[in-house]
Structure formats: C-alpha cells, structure tokens
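**Q** Got a structure here, written out as structure tokens. Questions coming.
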Amino acid sequence: ASVVARGEVGKGLKFPVGEMVIAEKSSAKGDVNINRACDGLPAKVGYNRWHGLGMHAPGYATFGLGKGAMFFHAGCSILDKGVGGSVVFNVIGDGRLLHSTGVVRHGDPIREIKVDIRDVKELRLEVTDAGDGNEGDRTYWIDAVFEYKPGCYPPGNVFNHSRQVGIL
C-alpha cells in the first residue's frame, strides 16, 4: 500500500516510485528494490519503515517520464543496518545534473529534496560512494514521488492505460 495519496494533491497528481516503470537499474550489492532495501529486507531509517527505492552505492535507477512530469520529491538517507557509509544522491535529467545532495553520512538527518523535472524525458536517480569506497552505503530514496500535471500520467502506469482505453 502506498503512503502517498493518489489524485489532486497540491498542484499535480503524485505517483509513488512503485507505480513507475524502471527502464534500467544497477546496484553494487543486492538489487534496486521498490519499498525494500537493496538486500530485500524492509527499509528502516530511525524508528520508521518507509516506502521508496533502495539501492547500494554505486547504483542507479532510470525512468522514462513521458509528458507532464513536474517535480520529483524524496527524502535521501543511508539505511540503519550496518555502520558507517557516506554517499552522494544525484538526480540526473536527460544527462544533466539537476540536483546533488552533497555527501550524506550514516546517521545524518534525512535530506528532503524537491527537483523540477519539467521538460525532462528521462530521469536517473543515482547514488555514488562519495569517493571513499562503498562499505555501508545502503541507500534509500524515502517516499520517492513523481508529480505530474493534472490529466497526465507516467508511461506504463495502469491509470494511464485505463484512461486511454476508456475504463477511467
């Protein structure tokens, strides 16, 4: 179940990362997982378990956005399991760096981001090892959400398909 309400929220329609199609992905250890850590276990930061996207640095997930994408929202953190770790979260649109968190270390507060992705066709969410190796670099994009203009839907989204065939 998604923690983000679908429908008119603020200026646009919000779609959790779990409702998006991942075009390409890579994770140094484990896998890129929706609503799970890279090792497949529940994602935990502090006392909370979160929905989002887990991967181990260096890693990435790429999404085709289609028309109408406006913003990408997420919290960026290193998961609690293990010790140490330092990473950089990057949001890359059509090959251009749109946002970088700078170095995030294990135990740092969650870094909240909102990135303008209007006119971006392909979005890549990337984590690097911050140049010091990848021990403990189990990362999580917390409550990762793509925001679209009202009436626009992500490619491959069930609601987009249903609307196109006249079900919705």
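The values are calculated or read from the model by the stated rules, or taken from the named source; none is laboratory data. Since this is a predicted model, take the numbers as computed values, not measurements. When we count neighbours, we look across all protein chains shown, and the Cβ atoms used for this are built from the backbone with ideal geometry, even at glycine. What goes into the accessible areas is simple: the full protein's heavy atoms, side chains included, and nothing from ligands, DNA or RNA. Shrake-Rupley method; radii C 1.70, N 1.55, O 1.52, S 1.80 Å.
**Q** It is to be established whether one or more residues within segment 68-80 are touching a Gly at 6+ places or on another chain (Cβ under 7 Å), among the β-branched types (V, I, T), in a strand (DSSP E or B) and open to solvent by less than 20 Å² (accessible area, probe 1.4 Å).
**A** yes
**Q** Let me ask you something else. Quick check on segment 127-168: of everything there that is charged (D, E, K, R) and open to solvent by less than 40 Å² (accessible area, probe 1.4 Å), which residue is modelled with the highest pLDDT? Please lay out each step first, then the result.
**A** Here is the first cut: in segment 127-168, the residues charged (D, E, K, R) are 129, 132, 135, 137-138, 143, 147, 149, 163.
From what is left, the residues that are open to solvent by less than 40 Å² (accessible area, probe 1.4 Å) are 137-138, 147.
Details: D137: 91, R138: 89, E147: 96.
Among those that are charged (D, E, K, R) and open to solvent by less than 40 Å² (accessible area, probe 1.4 Å), it is E147.
**Q** Sort out which residues of segment 56-67 are closer than 25 Å to G156 by Cβ and in a loop (DSSP other than H, G, I, E, B), and write them in order of number.
**A** L65, G66, K67
**Q** Please specify each residue of segment 9-39 satisfying the condition of being charged (D, E, K, R), closer than 22 Å to V87 by Cβ and modelled with pLDDT under 90. It would help to see each step written out before you state the result.
**A** We begin by selecting, within segment 9-39, every residue charged (D, E, K, R); these are 11, 14, 19, 24-25, 29, 31, 36, 39.
Going one step further and asking which of them are closer than 22 Å to V87 by Cβ, we end up with 24-25, 29, 31, 36, 39.
Listed by number, the residues that qualify are R36, D39.
**Q** I would also like to ask the following. If G85 satisfies all but one of (1) surrounded by fewer than 24 Cβ atoms within 10 Å (Cβ to Cβ); (2) within 14 Å of T139 (Cα to Cα), what's the number of the condition it fails?
**A** Condition not satisfied by G85: (1).
**Q** Hey, can you tell me all the residues within segment 36-55 that are free of Cβ contacts under 8 Å to residues at least 60 places away in the same chain and not in a strand (DSSP E or B)?
**A** R36, G40, L41, P42, G46, Y47
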